[in-house]
1. Averaging over all projection directions, find the projected area of the Cα convex hull of chain A and quote it in nm² with one decimal place.
2. When the scattering of region B:63-210 is computed by the Debye formula from its Cα atoms alone, each counted once and equally, what is log10 I(q)/I(0) at q = 0.17 Å⁻¹?
3. Report, ordered by chain and residue number, the lysines lying within cross-link reach of A:Lys83, taken as a straight Cα distance under 22 Å and ignoring same-chain residues fewer than 8 apart.
4. Write out the trypsin sites (Lys or Arg not before Pro) in region A:213-312 meeting two conditions: DSSP loop, and at most 16 other Cβ atoms within 10 Å of their Cβ.
5. For region A:191-320, what's the radius of gyration and Dmax over Cα atoms, in angstrom?
6. Over 19 Å between Cα atoms, which of A:Lys20/A:Lys52; A:Lys104/A:Lys152; A:Lys152/A:Lys323 qualify?
7. Under the rule a/c < 1.5 gives rounded, and otherwise a/b versus b/c splits prolate from oblate, where does region B:1-79 land using the Cα gyration tensor?
8. Please give, to one decimal in nm, the separation of the simple spin-label points placed at B:His135 and A:Arg210, each 7 Å out from Cα toward the Cβ.
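Where a number appears in this text, it was derived from the coordinates with a stated rule and is not lab data. For clarity, every value in this text was computed on a predicted model and none was experimentally measured. Virtual Cβ from ideal backbone geometry, glycine too; neighbours counted across all protein chains shown.
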Amino acid sequence: MTGPGPSNGSPAIDVWDLVKTYRGGVQALRGVSFQVEAGSVFALLGPNGAGKSTTVKILTTLSRPDSGTARVAGIDVLRDPFKVRCVIGCVAQKSTTDLEATGKESLTLQGQLYGFSGPSLRSRVSDLLERFALTEAANRLTRTYSGGMQRKLDVAMGLINRPRVLFLDEPTTGLDPETRAGMWGEIRRLSHEEGLTILLTTHYLEEADRLAGCVAIVDRGRIVVQGPPEELKAELRGDAVHVELAEPTPQERVQNALRSLGDSLRDVAVDGRMLHARADSGAEAVPAVLGALDSEGIVVASVTVARPSLDDVYLRYTGRSFKDADQEESR
Amino acid sequence: MTTMVVQGSHLMVRLLRAMLRQPYYLAVSLTQPIIWLLLFGQLFKNVTEIPGFATSSYIDFLTPGVVVMTAMYSNGWSGMNYVVDIERGVLDRFLISPVRRESLIGGQLAYNAVLTLVQSFIIIALGLIAGARFHGGPLVMALFIVAVLLLGMAFSSFSDAMGLLLRQEASVVAVVNFVVLPLSFLSTVFMPAGLLPHWIRVVARFNPVNWAVEVGRQTLTGNVDWTLVGSHLGYLAALALALAWLATRAFRSYQRSV
């Protein structure tokens, strides 16, 4: 069932102006549009309640939008949900393992629901158990699995039908750092080696940054900005340069020293012993800054350069920090 | 059709396995009927002396009624499986796979039918041990079991629909408690029609529980009323299919709310 998309060049996921209001008046989506290139990893990044899960539910045919259209692997999710179901895999936000069944039974049933049977199903099941290090636990009830093991079984179930498009709804929420790192490795592998198109939602900035070729920041049911993480960060124009001075120095003296650098250094601010500034390229700016300070006899204790983070991007487009937004929406 | 049977049987196996891992559930589900059968059988022993009572032994009279009541309870809890599956996210996982909605309900109904069959056999065996005698012969007994299964299917479908629509365990408990007992008392489970107040007799005519019980009573007599058996089976089949169809539709409503 693997293979290229319906026609080369057309997006694997094409979403146009989805609007969804739940009974009770909660506006989950207020016009969401995006496209996901075949074979890429796309992240919907946003705080809890931003509309990420609702988008996934619509694209996986569980839910229907009030208006708007969406195609997955070239198939219209509203007109032909059955066909969509055959070519997608989905790992929901919360584990969906059946606690009263063994891992092997759950995986086998999942395959049977997609119409697989016999030796091909058996070998697919044992391959997946092997791959997710569940072979030893295969005949144990899922009830006895750790959170990480249940998550792995979730992903294995999502892959049973060799989907073309995989949806991962907050795949690492609640996992310990080690299991999370393992999951990231698996997601990269699926994307690079198997050419799967992956749409993942996350409220971890780091996760989106590391995994996704393209990130869409979702806030209150809308996409506020989208693009490759590097591009989004580049739009902030420059890296942050922090210089720790050996002793407190008046701002005037520091600015005089740096005047020779001209426009390449912006937003210079001195706070006691700390000097903050922005530069197009931090790495190029550092030697110049050090040279300029040295020529004025200002002694430097340490220098750090920070690339702009997605958090900075989030702040710029939504007007609030990601952490605040997440806490606000959780309440 | 084949797809539906195949998918449905896989889903049935899932439920049967889970049940067999907790066999005490089956045991618990039988304690209540055993108490009715043995305790009520003794308690009301002498009601058969009331003029107009059809049989000479109350345990004879009671056994088919207890089989029907057990089926009602057992199938009435069916929706609980959906409540658990919804909470666990298992149902959503099934709904975005290419499984057919008819298969989902079908698997649930098949599982309940197996459970009902086992329970019915055990109760009939207990009745026999307690002294009940069935003079109607094997055919009418088999048709009675079919009637019980159809009634069970109706209850199970109704309970499933409630589980899907209301999504709370309490709602399923309410279905069982506010439907099963009243319907039992508004039927000839405990008393023959001739001894019921007029209004209950009227209500009982339209009570599906009574349709099944009356087929059950035919297993006691050597003189079977086949017309009654046939018509009652027809009513029960129509009701069961209608409710099963409704339960299938309940998925749409559920999906609208997620």
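1. On the way: hull surface 83.1 nm².
Computed as one quarter of the Cα hull surface, the answer is 20.8 nm².
2. Log10 I(q)/I(0), no solvent term: -0.99.
3. Partners found: A:Lys57.
4. Numbers: sites: A:Arg220, A:Arg222, A:Lys233, A:Arg237, A:Arg253, A:Arg259, A:Arg266, A:Arg273, A:Arg278; in loops: A:Arg220, A:Arg237, A:Arg273.
Sparse-neighbourhood loop trypsin sites (Lys or Arg not before Pro): A:Arg237, A:Arg273.
5. Rg and Dmax of region A:191-320, Cα atoms, are 18.6, 58 Å.
6. From A:Lys20/A:Lys52; A:Lys104/A:Lys152; A:Lys152/A:Lys323, over 19 Å: A:Lys152/A:Lys323.
7. Working: a/c = 4.68, a/b = 2.32, b/c = 2.01.
Since a/c reaches 1.5 and a/b is larger than b/c, the shape of region B:1-79 is classed as prolate.
8. 8.1
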